[in-house]
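One structure is given below, encoded as structure tokens.
The values are calculated or read from the model by the stated rules, or taken from the named source; none is laboratory data. Quick caveat: nothing in here was measured; it's all calculated off a predicted structure. We place every Cβ from the backbone using ideal geometry, glycine too, and count neighbours over all the protein chains shown.
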């Protein structure tokens, strides 16, 4: 069962290094050498482009972003352009999904919705725009890939993220939508370390 996952907490780690750990865990699960795994990580400033591309949704030159300390990567997850950075808790579930991708996405969304509800925040998922929303603002982005019936990539929850860093992109290519974090919604500092155990519990319950 996916609810019996182990947790690999990578702390603060470069995106590319975390990506290699994802691939290794995925390979080991395919070969039954490792159980289902949830990878948790916080990345330095990074912009990734999914299968839809998304460079048209960059609002500044790539050279400018490099000067500002951003790394840019093209990856195979679903979706458009996405930002990762300090204060954002990223989860990469290496789960046995089979062919029911929609069911998997809805379970991920529900876990995040239940987590936010613990803070009195009412949020919704959206089948049309995978992620979790508070009003018109996205609090958690979701972009997954499934290979050999096992998932990788995952979700990014804005906990205390510097929302100004999103100003360089059109997040997920949605021009009429905004972004928010737990800290911005609650108007107080929420830490990633506080969120981690709550998130793990919410995922175990959602995937029972």
Task: Breaking point among (1) in contact (Cβ under 8 Å) with a residue 60 or more places away in the chain; (2) touching a strand residue (DSSP E or B) at 6+ places or on another chain (Cβ under 8 Å); (3) surrounded by fewer than 15 Cβ atoms within 10 Å (Cβ to Cβ); (4) in a loop (DSSP other than H, G, I, E, B), for residue 44 - done: (1)
Task: the range 23-34, residues that are surrounded by fewer than 20 Cβ atoms within 10 Å (Cβ to Cβ) and under 21 Å from the mean Cα position of the chain (by Cα) - done: 23, 24, 27
Task: Cβ pairs under 6 Å, 6+ apart, first in the range 29-41 and under 23 Å from residue 12 (Cα atoms), second modelled with pLDDT under 95 and not in a strand (DSSP E or B) - done: 36/2
- [ ] Among the numbered conditions (1) in contact (Cβ under 8 Å) with a residue 60 or more places away in the chain; (2) touching a helix residue (DSSP H, G or I) at 6+ places or on another chain (Cβ under 6 Å), tell me where residue 5 comes up short.
- [x] (2)
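Tell me yes or no: at least one residue of the range 118-127 is touching a strand residue (DSSP E or B) at 6+ places or on another chain (Cβ under 9 Å), in contact (Cβ under 8 Å) with a residue 60 or more places away in the chain, more than 24 Å from residue 59 (Cα to Cα) and outside any helix (DSSP H, G or I). Spell out the reasoning first.
Of the residues in the range 118-127, the ones touching a strand residue (DSSP E or B) at 6+ places or on another chain (Cβ under 9 Å) are 121-126.
When the remaining residues are screened for being in contact (Cβ under 8 Å) with a residue 60 or more places away in the chain, the result is 121.
Then keep just the ones that are more than 24 Å from residue 59 (Cα to Cα); that gives 121.
Now drop any that are not outside any helix (DSSP H, G or I), which leaves 121.
Looking for residues that are touching a strand residue (DSSP E or B) at 6+ places or on another chain (Cβ under 9 Å), in contact (Cβ under 8 Å) with a residue 60 or more places away in the chain, more than 24 Å from residue 59 (Cα to Cα) and outside any helix (DSSP H, G or I), one finds at least one in the range 118-127, hence yes.
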